[in-house]
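The values are calculated or read from the model by the stated rules, or taken from the named source; none is laboratory data. Only a predicted model underlies this, so the values are computations on that prediction, with no experimental measurement involved. Please note: Cβ atoms are built from the backbone with ideal geometry, for glycine as well, and neighbour counts cover all protein chains shown. To get the accessible areas, we keep the full protein, side chains included, count just its heavy atoms, and leave off ligands, DNA and RNA. Shrake-Rupley method; radii C 1.70, N 1.55, O 1.52, S 1.80 Å.
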Amino acid sequence: MVQYKDAALALIASIVVGQATSIQTYSTAAFMIPNNRWKDSAIITRTRSNSRRYSAIPYDERSSSSDSLQEQDRGFSSAGLLNLPDDDDEIVDALLAKKEERRVARQQSTRKPVYQVTLPIVVIRATVTTTNDNDVTATESSSAANGERLASLVAKGQDIAIANTVGMSLRQVYSGRRLSELALDVDTLRFQSFGGELQGRDVSEEEADESLGSLEVLQNSVLKLVKESFDGVVVSSVTRGGLAWQAGVRAGDVLAATSATIGSKLWPKSTLDGVRSAISSRKVISSSMDFEFRRLTVDKVEAESVQSFELSLARPIGINVEDTDDGYVTVTGISDKASEVVANNIRIGDRVLSVESSIGGQMWDVYNTDGLTSAVTTRMPGQPVRIRFERVETIDEEAVTARLPQPESAPSSKSTMTDAVDGFRRAGRVAAASEAPAAQAQQALPGFQSAAQKMLLSRSRDLLRTFIARNEVTKNLKVADRVIEAVVDSGAALDGRTLTLILAAYNMCNNADKTIATFEDVFGLAGDGSEKEVKRVHDGRLSADIAALNTFTISGLLRAHAVRGDYESALRVLAAMEGDATMTMGGKPTRSWSGKGDPLNMLPDTRAYNIALAAAANRGTKDGLDAAISIFESMPNPSLSNPPLGKPAKNLVTFNTMINAYARFGHYEDALGVFKTLKESKLQPDRVTYTALIKTSIKSGNIEKALDILDDMKWASIKPDIVSYNTIIEALCNANRLFEAKDLINEMETAGLSPDSMTYGLLMKGLLRANKPGPCLTFFESACSDARTVALTENVQLYTTAISAAAALGDHERALDLVARMNQAGVRPNKKTLTALMGACISGRKYEAAAEIFSKIKNPDSHAISVGLQALCMSGNFDSAVELITDQRSGQKTLSGKQVMSGFNSLLQSALESGEYDIAREALTSLLQAGYIPSKFTFQAMAEGLNLHRDMPRTAALLKARQRSLPSEGTFDFLLFVLDSLEARKLAVNSEFYSSILVLGAELGGLEMRISSILTRSRKNSNQKQFKISSDPTDVVAESRLILWEELYKNYSTLKEDLSNGAQLPSIRVPASKQFGRVLAAENAVSYRGRVAARR
């Protein structure tokens, strides 16, 4: 209840100063101060004839001072005021109720109806009960009568069957309103085509058609109600009379969530596979399941943006107000002589919400024009009064959100990328256009943004949250980049929440450089906390309000440094937050950020220090560990006696991060010391703490200690999670202790913790590492056949391991079948999967197929290139192989030096097996020119490619058998080319490879054996610079030209005289080894005839 207290005080005060105030009430009344100069700038109020006046000040605020003023009345009695009619509570309540109803209605208009139903998921077997009609049975004799009775029974049975089935099918809707080809029948959990879904059913599109058993199917008009970006599950058809129909489910409803496997909680669903898996697992423990649906409705194209603001105004105000039917006091006009503040900030249609009380400075709601007038007229001319206004703007929401980048877009579609960019820029232009009328208001109100700009930021935050929650920021469509473009185009200033999400999106895709660049572009501060000048990419058009520079946005910056392991920059940022410009780290001085951001939220907290600690731990070096120890020791232990202005105290995350840092280096004793300090404080260790200790003990090589820590964890009443178990299971599998790993899995299941896909992957990799590919495949297939674990196997890592097992068995057909099953299950193969498939094809001697698979891999990694090179060589595609190995030979791209050597070995062996000696020569030349030294595997690959023998045959029969299968022409030439190439680099030849050359010469006989004999003499005289093949050892050898081995073989008849005259031959360098006896035996096989050849 309120009264005219302020109006009475104004009247009595005017009597004291000798002025008179008259208040007249008309259908349209003007309330003015008698001074004529304010006559045209008064508040004009329009009221109804039965309107009542209400003050903006509660009636219980009366003070004794008002009573004393009334007693000093000089000619006017206050009795008239005191005898005014009492306030009507019903009118006030009616106005308040109308106002509240409008606000509730506005909120409800944006909601979509969501409902929940419970449906059976176990088949209900119903029996058809028939009435025993003795009369009919006794008299019924004709076949027609029996047919009619049978048809009646069949129809009745069908009706009962329909009434006891769910009768609902679901389809997947992809981005762009694309329906999946298959529908999921909820009753049978089978996928069926559109024809199978409608088979044997009557389809009716009429709402009034309620015939039992007919189908209501999804219509295009309903499908158009979903957004273009929608990706989820909808009801594609419902059988009329079924349980779903009876529960109110209709075609076109969106399935939002289903029951969890255990319990009553609902879990969101967006794929058919997820729904099918949830129903299958729920069937095991329950016969019913809860489904949550959302009914599609027509969205409003226009949305209301409500913003409130306060102005401090002085009399005369110069606005016209009127009571409107929606229960508000609305501005209907603005005087030409109104002040500049009023003209720039108030618009026709703005609502008056509240006004400042004359005593106490509190804001009181205004319900009608009388209350506003009463509150304003109590002020003396020039005395300011605070008034709160509300502005409702109608915004074209579709224009702002049209064609925004959506969570599900085809990553390979160039048009989709272009549409997304254009959509965000269009949204920015809409926001910029709507901002223009409020430019003057923005100058009057610092930090003011238009409603369209606010909506753009709000939509951007929703989009970023969606991508971050789905972990989809690594797609080709970089949503954070598009948000920034839209904000720049609109001229909006980023707030702290939006900027924090942008930085989080970049950090999630490990794009630390982009995170730092965005921070620098927004604030103009060096992201590493130094004094360096930064380059603002958008020339200052990307900005944020001062409150956006706070601990949350700076934490995003620190996380970028943590991803890079750049603890030096992280420490400089902490010093900048603290305002310390004296610290120098890494040779760079720190710049103070004091006064640059939110003064109440700038000091680093425990979270900021924890991120810096993680940055040092992630460095992975001794310096990083030392820095982590320094940061950890600088923070005080948790205690109530910590100084309030000192560094923040450690928390549980601090201790866990430090233990993980020690785990990287296997420093178990140091980690145990941190653990003991944690227990001495008032903090309690959790699963992460114990898991970090387990990792530390495993890294130090003590698996037994890790098992003991797991037992200690249970004794401490802390239930181990799947990460704790998987950490130990991985260590056991790596140590080939597979039976213990399996026992630990059984223990985990006994404790009520189900293995996840990583658990299965670890065990499968352990079996494969133990050279047990058969059991590995059997384990995978058993998991696929079990309804409880089939969902876990739909994982690319498990399929890749299974394909690798098939490759180890040489079963390429099974590997191809596994890839086909992957595609059917909706699992997309990755690079490792295709690499494993290449290995399976190579094992199955399907080299062309392996080469074709390699050609389909985009941006292959080093392992894929290594296997692909092998496939190209074995398929005879030597040109592509040479091109590939030439690009990689210097190790400047993807392959390591070891992998480059392996590629050369494969190329040499395959080329020699195919008789492509020119390619083999080119490969060996490229290998030596790249600076690589042939290894024993290189010599072995050449020997196997030429089918060389290391030992002489022991019998004449074996010698004849070898002579019948001698290598092709050009083999001996290539071997001599190898010797010449090695001597040019002063490299030694492998002893076994040298023995194979001599054995081949002995088997061939003739000139090849003579050259082999000379090779033997050259090897024995390798310490001399030159030698002369002459019968007279006293001759002085004169220096002459060098004759290469291959040249000597091709032109022996003309060069043998040069040999007699002291020509030089390349040295043969054979290092001593355990196989040197084989060398001497091979030399003995050719040396006795070599002497004869020399004498000739």
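Within the option set LEU924, LEU982, being at pLDDT 85 or above, out of contact with any helix residue (DSSP H, G or I) (no Cβ under 7 Å at 6 or more places or on another chain) and buried (at least 17 other Cβ atoms within 10 Å of the Cβ) holds for one residue only, LEU982. Taking the range 642-671 as the range and being open to solvent by 20 Å² or more (accessible area, probe 1.4 Å), in a helix (DSSP H, G or I) and touching a residue at least 24 places away in the same chain (Cβ under 8 Å) as the test, the residues that pass are LEU652, VAL653, THR657, ASN660, TYR662, ARG664, PHE665, TYR668. Failed condition for VAL173, given (1) at pLDDT 80 or above; (2) over 43 Å from the mean Cα position of the chain (by Cα), with all others met? Only one criterion in (1) at pLDDT 80 or above; (2) over 43 Å from the mean Cα position of the chain (by Cα) is unmet by VAL173, namely (2).
Exactly one residue out of PHE675, PHE665 is under 26 Å from MET585 (Cβ atoms) and not basic (Lys, Arg): that is PHE665. Look at the range 887-913: where a residue is hydrophobic (A, V, I, L, M, F, W, C) and a partner is open to solvent by 50 Å² or more (accessible area, probe 1.4 Å) and modelled with pLDDT of 75 or more, sitting 6+ places away or on another chain with Cβ atoms under 8 Å, you get MET901/PHE937.
Of all residue pairs spaced 6 or more apart or on separate chains, those with beta-carbon atoms under 6 Å, a first member in the range 1039-1063 that is at pLDDT 80 or above and a second member that is of a type in the set (Gly, Ala, Ser) and outside any helix (DSSP H, G or I) are ILE1043/ALA1063.
Against the condition modelled with pLDDT under 90 and under 14 Å from ALA661 (Cα atoms), how does GLY586 come out, does it pass? No: the conditions fail for GLY586. Scanning the range 792-827 for residues that are among the small types (Gly, Ala, Ser), in a helix (DSSP H, G or I) and more than 21 Å from GLU852 (Cβ to Cβ) yields ALA802, ALA805, ALA808. Taking the conditions (1) exposed (fewer than 15 other Cβ atoms within 10 Å of the Cβ); (2) in contact (Cβ under 8 Å) with a residue 60 or more places away in the chain in turn, THR584 satisfies each one other than (2).
Reported count of residues in the range 674-701, each being open to solvent by less than 70 Å² (accessible area, probe 1.4 Å) and either under 24 Å from ASN736 (Cα atoms) or assigned to a helix (DSSP H, G or I) (or both), is 15. Within the bounds of the range 557-571, is there any residue that is modelled with pLDDT under 90 and farther than 30 Å from ARG664 by Cβ? No, because not a single residue in the range 557-571 is modelled with pLDDT under 90 and farther than 30 Å from ARG664 by Cβ. In summary, VAL376 fulfils each of the numbered conditions (1) at pLDDT 75 or above; (2) within 23 Å of ASP462 (Cα to Cα); (3) open to solvent by less than 40 Å² (accessible area, probe 1.4 Å) with the single exception of condition (2).
A Cβ distance below 8 Å, combined with a sequence gap of six or more or placement on separate chains, defines the contacts here; from the range 513-528, residues that are in contact (Cβ under 8 Å) with a residue 40 or more places away in the chain reach residues that are of a type in the set (A, V, I, L, M, F, W, C) and open to solvent by 10 Å² or more (accessible area, probe 1.4 Å) in the pairs PHE523/ALA544; LEU525/VAL534; ALA526/VAL534; GLY527/ILE516; GLY527/ALA517; GLY527/VAL534; ASP528/ILE516.
Remark: pairs (first residue in the range 624-636, of a type in the set (Gly, Ala, Ser); second residue assigned to a helix (DSSP H, G or I) and open to solvent by less than 20 Å² (accessible area, probe 1.4 Å); Cβ separation under 6 Å; 6+ apart in sequence or on different chains) = GLY624/ALA616; ALA627/ALA616; ALA628/LEU613; ALA628/ALA616; ALA628/ALA617; ALA628/ALA661. Summed over the range 470-527, residues that are of a type in the set (A, V, I, L, M), part of a loop (DSSP other than H, G, I, E, B) and at pLDDT below 85 total 2.
Which of the strands (runs of 3 or more DSSP E) contained wholly in the range 230-276 include at least 2 residues that are open to solvent by less than 20 Å² (accessible area, probe 1.4 Å) and not polar (S, T, N, Q)? Lay out the reasoning, then the answer.
On the way: elements: 232-239, 254-259, 266-268.
Output list reads 232-239, 254-259.
If you go through the range 839-863 and keep only what is in a helix (DSSP H, G or I), more than 13 Å from CYS873 (Cβ to Cβ) and either open to solvent by less than 50 Å² (accessible area, probe 1.4 Å) or aromatic (Phe, Trp, Tyr) (or both), you end up with GLY839, ALA840, CYS841, ALA849, ILE853, SER862.
Residues of the range 710-730 include at least one that is charged (D, E, K, R), in a loop (DSSP other than H, G, I, E, B) and within 26 Å of MET764 (Cα to Cα). Restricting attention to the range 927-939, which residues are of a type outside the set (A, V, I, L, M), surrounded by fewer than 17 Cβ atoms within 10 Å (Cβ to Cβ) and closer than 22 Å to GLU992 by Cα? Of everything in the range 927-939, those that are of a type outside the set (A, V, I, L, M), surrounded by fewer than 17 Cβ atoms within 10 Å (Cβ to Cβ) and closer than 22 Å to GLU992 by Cα turn out to be SER935, LYS936, PHE937. Evaluate the range 710-727: report whether one residue or more is open to solvent by 50 Å² or more (accessible area, probe 1.4 Å), of a type in the set (Lys, Arg), modelled with pLDDT under 90 and within 24 Å of ASP623 (Cα to Cα). No, because not a single residue in the range 710-727 is open to solvent by 50 Å² or more (accessible area, probe 1.4 Å), of a type in the set (Lys, Arg), modelled with pLDDT under 90 and within 24 Å of ASP623 (Cα to Cα). The single condition from (1) buried (at least 24 other Cβ atoms within 10 Å of the Cβ); (2) in contact with a Lys or Arg (Cβ under 8 Å, 6 or more places away or on another chain) that ALA614 fails is (2).
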